[in-house]
1. Radius of gyration and Dmax for the chain's Cα atoms, expressed in Å?
2. If you count, for each residue, the other Cβ atoms within 10 Å and average over each peptide, how do 59-67, 163-171 line up from highest to lowest?
3. Assigning unit charges at the beta carbon (Lys, Arg +1; Asp, Glu -1) and nothing else, what dipole magnitude in debye, to the nearest 20, does the chain show about its Cα centre?
4. Give me Ser28, Ser54 sorted ascending by neighbouring Cβ count inside 10 Å, so fewest comes first.
5. What is the sum of charges, Lys and Arg at +1 and Asp and Glu at -1, for the other residues whose Cβ falls under 12 Å from the Cβ of Gly103?
Amino acid sequence: MNAQTITSTTTHYPTAPTAEKPETHTLSVLVDNEPGVLARVIGLFSGRGYNIESLTVSETEHAKHLSLITIVTTGTPMVIEQIKNQLDRLVPVHRVVDMTMAGAAIERELAMVKVRGTGENRVEALRLADAFRARVIDATNQSFVFEITGKSDKIEQFVALMLPLGLVEVSRTGIAAIMRGPEAM
């Protein structure tokens, strides 16, 4: 006689939650331009253990005293939703838009990249800068400072290529984002 194992496909226990994959989102937050607002927004992130990968802030409407904070953060969809909801509840916040989910957004970053080099490395650095449409904004006999604008991955690729050629220093602005089309945020 053969012994057969019967496997049940039904269970009375709920299935374990599947691990959600972290996603990177760009959030635009329209706030009052007044002292302490940025500290409150940052406090929300630090107090709950959320990471900020990029942060830019600028006054966008001087007459209305409004500033735009652009934050790039990473988390599961549930965490991103929590961040948006908690930001929306802060008193100086007028609007929170998830640029990643809202549709066709344009994101750009500016970087200044200092490269030291002579001879072939110097020529190669200039050739690569031209290929990446980076501008020389300062030059000496020993080094260059390049200005490059574009998507973050383009800047990271440029920096990686400059590393063996004598990369000295990198200064990055963080991401600025805006929606395509005629509508405002």
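1. 23.5, 89
2. Numbers: 59-67: 12.1, 163-171: 14.0.
Result, highest mean first: 163-171, 59-67.
3. Numbers: 18 positive and 21 negative charges, 24 e Å.
Here the chain has a charge dipole of around 120 debye.
4. Working: Ser28 22, Ser54 19.
Going from least to most buried by this count: Ser54, Ser28.
5. -1
Laboratory data are not the source of any read-out in this text; all were calculated from the coordinates shown. For clarity, every value in this text was computed on a predicted model and none was experimentally measured. Don't worry about glycine lacking a Cβ; one is built from the backbone with ideal geometry, like all the others, and counts go over all protein chains shown.
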